[in-house]
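The values are calculated or read from the model by the stated rules, or taken from the named source; none is laboratory data. Here the structure is a predicted model, which means the values were calculated and not measured. Positions of Cβ are generated from backbone atoms using ideal geometry, with glycine treated the same way; all protein chains shown enter the neighbour counts. Protein only, heavy atoms only, side chains kept; ligands, DNA and RNA dropped before computing areas. Shrake-Rupley method; radii C 1.70, N 1.55, O 1.52, S 1.80 Å.
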Amino acid sequence: MTLLMGAVAYDAKVVPIWTGFRSWLLRNGLPFDFVLYSTYERQVEDLVAGRVHAAWNSPLAWVRARRLAAAAGRSVRPLVMRDTDRDLRSVVVVRADSGIAALDDLKGQVVGTGAVDSPQATLLPLHHLRVAGATFEVRRFEVGVGLHGDHIGGERDAARALLAGEVAAACMVDANHLLFSREGTLSPGATRILTGTAAYDHCNMTVVDSAPEELVRLFGELLTGMSYADPEVRPLLDLEGLTAWVEGRTSGYGELEAAVDAGGFYDRDGRITADGYRP
């Protein structure tokens, strides 16, 4: 039997990443292959149906997988995650020269976000603002809908709109706030952070309960055994944005679960209920 994993093709680099991992895993004794999906929604449905054994899931895909599985009397679990998937924060950024100093100052203003299904640039920061009592209008930048924010084009467009004065604030991952400044999307010193979310976790390797146990065990051991000092795997780890695979955990998804419920993105059984969401 071959362990079959799903991955979403949010960027061209996904192909060399998982082709490289596949070759390494095969050489190290794991019968492994992968299939590519155009959206996370189809990937999650196939995972719960048992058409793939594992899925490299976004945090939003994890939430849906857990709900769909529970509704079907099944279970899923996070096998591993990247070291860089733990304890992320999203920030709400304003122009440094704006008069917005407190959340109350957002009243009547427009907040720019990423795509409708971006946990980090839409769901989590908007939920954070609303729980804090802020009132505002929203302008979404719908790039890569169905990719759950992995394509950061919408996030980048929101940052550009902020600098151009088209929105009063923009939502993004704190690491992307730094990235956008380094790459020139945001001018250094032109913005400041108004507020930020609590820490949350990002992607995980989700496995379904019907997956072959021995192959899943070996898959986890091989991934967590990868060394950044190994010149063969280091380029792959760099492409995937990690230095080590670590044990998966569920403790970092509580705020996203709350945001999904508050915004009506999925129902409790994992059905898509978000208005206008067409991945």
Q | Solvent-accessible heavy-atom area per residue, rounded to whole Å², over the range 133-217 at 1.4 Å | A | 41
Q.
Let me check I've understood the local charge: for residue 200, count other residues with C-beta under 12 angstrom from its C-beta, Lys and Arg +1, Asp and Glu -1. What total comes out?
A. -3
Q. With all protein chains present, how much of the accessible area of the range 92-143 (probe radius 1.4 Å) comes from carbon and sulfur, to the nearest whole percent?
A. 46
**Q.** Label-point separation, residue 244 to residue 261 (7 Å along Cα→Cβ), nm
**A.** 3.4
**Q.** Net charge over other residues, Cβ less than 15 angstrom from the Cβ of residue 169 (K, R count +1; D, E count -1)
**A.** -1
Q. Separation between the residue 224 and residue 135 pseudo-spin-labels, each 7 Å from Cα along Cα→Cβ, expressed in nm?
A. 5.0
Q: Determine, for each peptide in 44-53, 217-226, the mean count of other beta carbons within 10 angstrom over its residues, then list the peptides with the highest first.
A: 44-53, 217-226
Q. Which shape class applies to the range 188-253: rounded if a/c is under 1.5, otherwise prolate when a/b exceeds b/c and oblate if not, where a ≥ b ≥ c are the square roots of the Cα gyration tensor eigenvalues?
A. oblate
Q: Would you tally the net charge around residue 112, using a Cβ to Cβ cut-off of less than 14 Å, leaving residue 112 out, and scoring K and R as +1, D and E as -1?
A: 0
Q: Go ahead and run the numbers for FRET between residue 183 and residue 214, Cβ-Cβ distance against an R0 of 45 Å, rounding to 0.05.
A: 0.50
Q.
Please give the charge dipole size of the chain, origin at the Cα centre, charges +1 on K and R Cβ atoms and -1 on D and E Cβ atoms. Round to the nearest 20 debye.
A. 160
(Q) At 7 Å along Cα-to-Cβ for each site, give me the label-to-label distance between residue 83 and residue 190 in nm. (A) 3.4
Q.
So, R0 is 25 Å and r is the distance between the beta-carbons of residue 269 and residue 51; what FRET efficiency does that work out to, to 0.05?
A. 0.85
